[in-house]
Amino acid sequence: MIALAYLMLPTVAKAKCGSGQPPSYDDVSAVMLKQTGCDGTLHARAVRSFDCSYFWVLFWDGEPTEYSQYNLPGQTGFYHLSKTISPVRNILRQDNFFSLSPPDVEVTDTAESVLSVKRCGVITRLQIYNSSRFVEPATARLFADLVRFVSQAPRIRSSAVPGAFKYTLLFDP
């Protein structure tokens, strides 16, 4: 009985970085999501929903979450989100990010979404083209869950002008 009670106590996750260690979602230190439109429409000017808007968001452990919206009417600008990286790690875990391996598709001039995840000094990136005919279901679910999470996050606008992504070279060399 004492052993069972001991197992039910909360524990602090221990980082598993290092050669030969299995990926741990607790080691994820930054997540960047960028979306450029939907249904093949690149940078659409007259978008009607968040799901088809052009934006980027950065969750970084210990830093304020930054979000920039480029073309959603009435919401264009630069923001700070009240959400942290912790629930994003849970979404990655729930949707098995480290197990995903979508097919390599070569398409040009169409809307895309890019998810970059930094873990133990390694950046793993998934890129999808935002058209259902190019995305397999498991990867589509991950992107949909992240977009929904960002769309529902409370935010505070700091500028009516969208902000450039200052970490572009870190996540998109």
Subset of the range 78-134 that is modelled with pLDDT under 90 and assigned to a helix (DSSP H, G or I) - its residue that is farthest from Asp26 (Cα to Cα): Arg133
Selection count, the range 146-170, where residues are surrounded by 16 or more Cβ atoms within 10 Å (Cβ to Cβ) and either part of a helix (DSSP H, G or I) or of a type in the set (Lys, Arg) (or both): 5
Of the criteria (1) loosely packed, with under 13 Cβ neighbours inside 10 Å; (2) polar (S, T, N, Q); (3) within 20 Å of Pro64 (Cβ to Cβ), which one Ser99 fails: (3)
Count - residues of the range 53-68 that are hydrophobic (A, V, I, L, M, F, W, C) and touching a residue at least 40 places away in the same chain (Cβ under 8 Å): 4
Test: residue in the range 85-93 that is exposed (fewer than 14 other Cβ atoms within 10 Å of the Cβ), touching a strand residue (DSSP E or B) at 6+ places or on another chain (Cβ under 6 Å) and farther than 21 Å from Cys38 by Cα: no
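Per-residue answers, yes or no, for (1) of a type outside the set (D, E, K, R); (2) over 25 Å from Ser99 (Cα atoms); (3) modelled with pLDDT of 85 or more; (4) not in a strand (DSSP E or B):
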site	(1), (2), (3), (4)
Pro22	yes, no, no, yes
Asp26	no, no, yes, yes
Ser29	yes, no, yes, no
Ala44	yes, yes, no, yes
Val47	yes, yes, no, yes
Leu58	yes, no, yes, no
Gly62	yes, yes, yes, yes
Tyr67	yes, yes, yes, no
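The values are calculated or read from the model by the stated rules, or taken from the named source; none is laboratory data. Just so it is clear, the structure is predicted and the values come from calculations on it, not from any experiment. Reconstructed Cβ throughout: ideal geometry from the backbone, glycine too, with neighbour counts over all protein chains shown.
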